[in-house]
1. Largest first, what is the accessible-area ranking of Glu160, Glu141 with a 1.4 Å probe?
2. With every protein chain in place, what's the accessible area of Met167 (1.4 Å probe, Å², nearest 10)?
3. Just reorder Leu183, Leu47, Leu258 by solvent-accessible area, largest first, 1.4 Å probe, all chains present.
4. Order Glu169, Glu26, most accessible first, counting only protein heavy atoms with a 1.4 angstrom probe.
5. What is the distance, in nm, between label points placed 7 Å from the Cα along the Cα-to-Cβ direction at Ser81 and at Thr225?
6. Would you list the P(r) distribution for the range 211-268, with all Cα-Cα distances sorted into 5 Å bins from 0 and each bin expressed as a whole %?
7. Taking the full set of protein chains and a 1.4 angstrom probe, give the accessible area of Arg228 in square angstrom, rounded to the nearest 10.
8. Which links in Lys136/Lys266; Lys64/Lys191; Lys136/Lys270; Lys175/Lys269; Lys196/Lys262; Lys64/Lys270 stretch past 29 Å when you go from one Cα to the other?
Amino acid sequence: MPALAQKNDNEENDFAREPNDNDFGEFRVIATNNKRRGVYFFQRFTLSDQINVIPRSYVVLLHKNGATIEINQASTYAVKSLKAQLLAYVKAHPQYPINLKVENPQKSSYKHHYYYHWGKRCPEPEVGVLLPSKLKVLSRELSFAWYDEHTKDSSKVRYELVSTNIMDEELLKVKSSKRHIALTLSQAVYKYHIIKLKLLGSDGKGGCQEAAVMAEHVNDESISTAYRQFKLKNQSIKSPLIAVFNEMFFWNSRRFYLEVNKLWRKLVKKYPKHPVLAIAYRHFKVTYHLQRVPRSKAKK
(Lines give C-alpha, C1' and ligand atoms only; values in the text may rest on other atoms or scores of the structure.)
Protein backbone atom coordinates (compact mmCIF):
# COMPACT_ATOMS: atom_id res chain seq x y z
CA MET A 1 0.00 0.00 0.00
CA PRO A 2 1.26 3.52 -0.70
CA ALA A 3 2.37 5.52 2.32
CA LEU A 4 -0.02 8.12 3.61
CA ALA A 5 0.94 11.54 2.27
CA GLN A 6 1.06 14.33 4.81
CA LYS A 7 -1.06 17.35 3.98
CA ASN A 8 1.30 19.68 5.83
CA ASP A 9 4.47 18.41 7.50
CA ASN A 10 4.87 21.56 9.58
CA GLU A 11 1.36 21.69 10.97
CA GLU A 12 0.40 19.63 14.00
CA ASN A 13 -3.21 20.78 13.94
CA ASP A 14 -4.41 20.13 10.38
CA PHE A 15 -7.73 18.98 11.78
CA ALA A 16 -8.23 22.51 13.14
CA ARG A 17 -9.50 23.45 9.70
CA GLU A 18 -12.28 20.87 9.87
CA PRO A 19 -15.68 22.58 9.87
CA ASN A 20 -17.11 20.51 12.73
CA ASP A 21 -15.31 19.99 16.05
CA ASN A 22 -17.70 17.11 16.84
CA ASP A 23 -16.82 15.15 13.70
CA PHE A 24 -14.69 12.49 15.37
CA GLY A 25 -14.12 10.33 12.30
CA GLU A 26 -13.35 6.61 12.68
CA PHE A 27 -10.14 6.98 14.72
CA ARG A 28 -8.11 9.73 16.37
CA VAL A 29 -4.44 9.58 17.35
CA ILE A 30 -4.12 9.98 21.13
CA ALA A 31 -0.47 8.98 21.56
CA THR A 32 2.50 8.81 19.22
CA ASN A 33 6.20 9.46 18.97
CA ASN A 34 6.08 9.46 15.16
CA LYS A 35 8.21 12.04 13.41
CA ARG A 36 6.29 14.43 11.23
CA ARG A 37 6.72 12.14 8.25
CA GLY A 38 4.08 10.02 9.94
CA VAL A 39 1.00 10.70 12.02
CA TYR A 40 0.58 13.45 14.62
CA PHE A 41 -1.34 14.07 17.81
CA PHE A 42 -5.15 14.12 17.53
CA GLN A 43 -5.05 13.43 13.79
CA ARG A 44 -8.43 12.31 12.41
CA PHE A 45 -8.83 9.23 10.20
CA THR A 46 -11.82 7.99 8.22
CA LEU A 47 -12.47 4.52 6.77
CA SER A 48 -10.88 5.48 3.43
CA ASP A 49 -7.56 6.55 5.01
CA GLN A 50 -4.30 4.73 5.56
CA ILE A 51 -1.93 5.18 8.52
CA ASN A 52 1.83 5.24 8.05
CA VAL A 53 3.76 4.04 11.12
CA ILE A 54 7.48 4.66 10.64
CA PRO A 55 10.36 2.63 12.17
CA ARG A 56 11.14 3.15 15.85
CA SER A 57 7.75 4.63 16.53
CA TYR A 58 4.35 3.75 17.95
CA VAL A 59 0.81 4.97 17.45
CA VAL A 60 -2.17 4.66 19.77
CA LEU A 61 -5.58 5.15 18.19
CA LEU A 62 -8.92 5.85 19.85
CA HIS A 63 -11.94 4.46 18.03
CA LYS A 64 -15.22 6.35 17.97
CA ASN A 65 -16.76 3.68 20.22
CA GLY A 66 -14.14 4.27 22.95
CA ALA A 67 -11.86 1.28 22.24
CA THR A 68 -8.11 1.77 21.70
CA ILE A 69 -5.52 0.20 19.39
CA GLU A 70 -1.76 0.16 19.98
CA ILE A 71 0.51 -0.26 16.94
CA ASN A 72 4.21 -0.96 17.39
CA GLN A 73 5.24 -2.34 13.99
CA ALA A 74 6.42 -0.07 11.16
CA SER A 75 4.05 -0.45 8.21
CA THR A 76 1.15 1.16 6.39
CA TYR A 77 -2.25 0.20 7.77
CA ALA A 78 -5.65 0.55 6.12
CA VAL A 79 -8.13 2.07 8.57
CA LYS A 80 -10.85 -0.26 7.27
CA SER A 81 -8.65 -3.25 8.11
CA LEU A 82 -7.87 -1.91 11.60
CA LYS A 83 -11.57 -1.47 12.27
CA ALA A 84 -12.24 -5.08 11.18
CA GLN A 85 -9.51 -6.35 13.52
CA LEU A 86 -10.95 -4.30 16.35
CA LEU A 87 -14.49 -5.59 15.85
CA ALA A 88 -13.21 -9.19 15.77
CA TYR A 89 -11.24 -8.55 18.97
CA VAL A 90 -14.27 -7.05 20.70
CA LYS A 91 -16.29 -10.20 20.03
CA ALA A 92 -13.61 -12.35 21.63
CA HIS A 93 -12.77 -9.90 24.46
CA PRO A 94 -15.95 -7.99 25.35
CA GLN A 95 -14.69 -6.72 28.70
CA TYR A 96 -14.21 -2.98 29.22
CA PRO A 97 -11.94 -1.19 28.56
CA ILE A 98 -11.05 -2.70 25.20
CA ASN A 99 -7.44 -2.30 24.05
CA LEU A 100 -6.05 -4.16 21.02
CA LYS A 101 -2.30 -4.46 20.41
CA VAL A 102 -1.64 -4.95 16.70
CA GLU A 103 1.02 -7.39 15.45
CA ASN A 104 2.73 -8.19 18.74
CA PRO A 105 0.38 -8.37 21.77
CA GLN A 106 3.29 -8.99 24.17
CA LYS A 107 5.28 -5.90 23.22
CA SER A 108 4.47 -2.44 24.53
CA SER A 109 3.53 -0.05 21.73
CA TYR A 110 5.19 2.84 23.49
CA LYS A 111 8.65 1.24 23.80
CA HIS A 112 10.39 4.17 22.09
CA HIS A 113 9.00 6.66 24.56
CA TYR A 114 10.12 10.10 23.45
CA TYR A 115 12.47 9.35 20.57
CA TYR A 116 11.61 12.39 18.50
CA HIS A 117 10.55 15.02 20.97
CA TRP A 118 13.56 14.89 23.30
CA GLY A 119 16.22 12.73 21.67
CA LYS A 120 16.93 15.26 18.92
CA ARG A 121 16.79 18.49 20.90
CA CYS A 122 19.60 21.00 21.25
CA PRO A 123 21.57 21.02 24.55
CA GLU A 124 19.35 21.55 27.55
CA PRO A 125 19.05 25.14 28.79
CA GLU A 126 19.94 25.58 32.45
CA VAL A 127 16.31 26.36 33.20
CA GLY A 128 13.38 25.32 31.01
CA VAL A 129 9.88 26.74 31.44
CA LEU A 130 7.24 24.02 31.49
CA LEU A 131 4.66 25.78 29.34
CA PRO A 132 4.19 25.64 25.58
CA SER A 133 5.35 28.60 23.53
CA LYS A 134 2.66 30.97 22.25
CA LEU A 135 0.23 29.74 24.86
CA LYS A 136 -3.35 30.99 25.00
CA VAL A 137 -5.09 31.09 28.37
CA LEU A 138 -8.61 32.03 29.41
CA SER A 139 -7.86 32.79 33.05
CA ARG A 140 -5.59 35.59 34.21
CA GLU A 141 -4.44 33.29 37.01
CA LEU A 142 -1.60 31.33 35.43
CA SER A 143 0.16 28.60 37.41
CA PHE A 144 3.34 27.08 36.00
CA ALA A 145 6.58 25.36 36.93
CA TRP A 146 10.05 25.05 35.46
CA TYR A 147 12.67 22.41 34.89
CA ASP A 148 16.28 22.58 36.06
CA GLU A 149 18.27 19.35 35.94
CA HIS A 150 21.61 21.12 36.41
CA THR A 151 21.03 22.07 40.03
CA LYS A 152 21.31 19.08 42.36
CA ASP A 153 21.04 21.05 45.61
CA SER A 154 18.07 23.40 45.31
CA SER A 155 18.07 24.53 48.95
CA LYS A 156 20.01 27.73 48.21
CA VAL A 157 19.07 28.31 44.58
CA ARG A 158 17.17 31.44 43.56
CA TYR A 159 15.44 32.27 40.32
CA GLU A 160 14.32 35.52 38.76
CA LEU A 161 11.03 35.71 36.90
CA VAL A 162 10.36 38.71 34.67
CA SER A 163 7.14 39.32 32.75
CA THR A 164 7.06 41.90 29.96
CA ASN A 165 4.69 42.92 27.20
CA ILE A 166 5.64 42.59 23.53
CA MET A 167 7.22 46.06 23.65
CA ASP A 168 9.61 44.71 26.31
CA GLU A 169 8.06 46.91 28.99
CA GLU A 170 8.41 45.24 32.38
CA LEU A 171 5.13 44.20 34.01
CA LEU A 172 6.40 42.06 36.87
CA LYS A 173 9.68 40.94 38.43
CA VAL A 174 9.82 38.24 41.12
CA LYS A 175 12.72 36.46 42.80
CA SER A 176 11.94 33.04 44.21
CA SER A 177 13.59 29.85 45.45
CA LYS A 178 10.57 27.75 44.45
CA ARG A 179 10.17 25.94 41.14
CA HIS A 180 6.48 26.65 40.89
CA ILE A 181 4.71 29.98 40.86
CA ALA A 182 1.21 31.41 40.42
CA LEU A 183 1.20 34.49 38.21
CA THR A 184 -1.66 36.96 37.75
CA LEU A 185 -1.53 38.39 34.25
CA SER A 186 -2.19 42.09 33.77
CA GLN A 187 -5.45 43.52 32.44
CA ALA A 188 -6.46 43.27 28.79
CA VAL A 189 -4.42 46.33 27.82
CA TYR A 190 -1.43 44.00 28.07
CA LYS A 191 -2.86 41.13 26.06
CA TYR A 192 0.49 39.43 25.44
CA HIS A 193 2.90 38.53 28.25
CA ILE A 194 6.43 37.28 27.70
CA ILE A 195 7.55 35.33 30.75
CA LYS A 196 11.31 34.94 31.15
CA LEU A 197 13.07 32.88 33.77
CA LYS A 198 16.73 32.68 34.71
CA LEU A 199 18.85 31.04 37.38
CA LEU A 200 20.50 33.75 39.51
CA GLY A 201 24.26 33.51 39.71
CA SER A 202 24.48 31.65 36.41
CA ASP A 203 26.40 32.84 33.36
CA GLY A 204 23.85 31.15 31.11
CA LYS A 205 26.43 29.19 29.12
CA GLY A 206 25.58 25.81 27.70
CA GLY A 207 21.91 26.51 26.99
CA CYS A 208 20.49 26.64 23.48
CA GLN A 209 17.98 29.38 24.18
CA GLU A 210 16.69 31.60 26.95
CA ALA A 211 13.91 30.07 29.01
CA ALA A 212 10.84 32.02 27.98
CA VAL A 213 7.23 31.60 26.99
CA MET A 214 4.63 33.96 25.52
CA ALA A 215 1.19 33.77 27.10
CA GLU A 216 -1.80 35.38 25.44
CA HIS A 217 -4.66 36.25 27.78
CA VAL A 218 -7.92 35.92 25.86
CA ASN A 219 -11.29 37.30 26.90
CA ASP A 220 -13.59 34.29 27.00
CA GLU A 221 -16.37 36.30 25.37
CA SER A 222 -14.40 36.09 22.13
CA ILE A 223 -15.00 32.35 21.86
CA SER A 224 -18.06 31.86 24.06
CA THR A 225 -20.51 31.65 21.14
CA ALA A 226 -18.47 29.00 19.34
CA TYR A 227 -18.05 27.03 22.58
CA ARG A 228 -21.77 27.13 23.40
CA GLN A 229 -22.61 25.82 19.93
CA PHE A 230 -19.99 23.09 20.30
CA LYS A 231 -21.30 22.00 23.73
CA LEU A 232 -24.86 21.82 22.41
CA LYS A 233 -23.82 19.51 19.58
CA ASN A 234 -21.50 17.49 21.81
CA GLN A 235 -24.42 16.51 24.06
CA SER A 236 -25.57 14.10 21.33
CA ILE A 237 -22.37 12.03 21.64
CA LYS A 238 -23.26 8.74 23.34
CA SER A 239 -19.79 7.83 24.65
CA PRO A 240 -18.65 10.03 27.59
CA LEU A 241 -15.03 9.28 26.66
CA ILE A 242 -15.47 10.48 23.08
CA ALA A 243 -17.35 13.57 24.28
CA VAL A 244 -14.35 14.57 26.39
CA PHE A 245 -11.96 14.01 23.49
CA ASN A 246 -14.17 16.13 21.26
CA GLU A 247 -13.77 18.95 23.76
CA MET A 248 -10.00 18.39 23.72
CA PHE A 249 -10.04 18.80 19.93
CA PHE A 250 -12.03 22.03 20.28
CA TRP A 251 -9.46 23.63 22.59
CA ASN A 252 -6.37 22.08 20.98
CA SER A 253 -7.25 23.40 17.53
CA ARG A 254 -7.36 26.89 19.06
CA ARG A 255 -4.06 26.38 20.95
CA PHE A 256 -5.58 26.45 24.43
CA TYR A 257 -3.25 23.68 25.56
CA LEU A 258 -3.77 24.27 29.28
CA GLU A 259 -7.50 23.69 28.79
CA VAL A 260 -6.67 20.41 27.04
CA ASN A 261 -4.35 19.52 29.91
CA LYS A 262 -7.16 20.06 32.45
CA LEU A 263 -9.43 17.72 30.48
CA TRP A 264 -6.66 15.09 30.30
CA ARG A 265 -6.20 15.18 34.08
CA LYS A 266 -9.92 14.70 34.70
CA LEU A 267 -10.08 11.89 32.14
CA VAL A 268 -7.20 9.91 33.67
CA LYS A 269 -8.74 10.35 37.12
CA LYS A 270 -12.14 9.18 35.88
CA TYR A 271 -10.71 6.07 34.15
CA PRO A 272 -7.79 5.02 36.40
CA LYS A 273 -7.71 1.43 35.13
CA HIS A 274 -7.65 2.24 31.44
CA PRO A 275 -4.47 0.66 29.95
CA VAL A 276 -3.74 3.51 27.54
CA LEU A 277 -5.01 6.86 28.84
CA ALA A 278 -2.33 7.50 31.48
CA ILE A 279 0.58 6.89 29.10
CA ALA A 280 -1.18 8.85 26.33
CA TYR A 281 -1.59 11.80 28.70
CA ARG A 282 2.11 11.67 29.57
CA HIS A 283 3.04 11.82 25.90
CA PHE A 284 0.69 14.74 25.36
CA LYS A 285 2.49 16.64 28.11
CA VAL A 286 5.92 15.87 26.64
CA THR A 287 4.87 16.82 23.11
CA TYR A 288 3.43 20.16 24.21
CA HIS A 289 6.30 21.01 26.58
CA LEU A 290 4.32 20.47 29.78
CA GLN A 291 6.67 17.78 31.08
CA ARG A 292 10.34 16.91 30.71
CA VAL A 293 11.72 13.40 30.76
CA PRO A 294 15.10 12.11 32.03
CA ARG A 295 17.84 11.98 29.43
CA SER A 296 18.10 8.23 30.02
CA LYS A 297 14.70 7.86 28.33
CA ALA A 298 14.99 10.60 25.76
CA LYS A 299 17.15 8.67 23.26
CA LYS A 300 15.30 5.36 23.23
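1. Numbers: Glu160 25, Glu141 115 Å².
Largest accessible area first, the list is Glu141, Glu160.
2. 140
3. Details: Leu183 5, Leu47 70, Leu258 30 Å².
The ranking, largest first, comes out as Leu47, Leu258, Leu183.
4. Details: Glu169 95, Glu26 10 Å².
Of Glu169, Glu26, the descending order of accessible area is Glu169, Glu26.
5. 4.7
6. Pair shares across the bins are 4, 16, 24, 26, 16, 8, 3, 2, 1.
7. Its accessible surface works out to 150 Å², give or take rounding.
8. Values: Lys136/Lys266 20 Å; Lys64/Lys191 38 Å; Lys136/Lys270 26 Å; Lys175/Lys269 34 Å; Lys196/Lys262 24 Å; Lys64/Lys270 18 Å.
Long pairs (Cα-Cα over 29 Å): Lys64/Lys191; Lys175/Lys269.
The values are calculated or read from the model by the stated rules, or taken from the named source; none is laboratory data. Owing to the predicted nature of the structure, the values given are computational and were not obtained by experimental measurement. Note that each Cβ is placed from the backbone with ideal geometry, even for glycine, and that neighbours are counted across all protein chains shown. The area values use the complete protein model at the heavy-atom level, side chains included, leaving out ligands, DNA and RNA. Shrake-Rupley method; radii C 1.70, N 1.55, O 1.52, S 1.80 Å.
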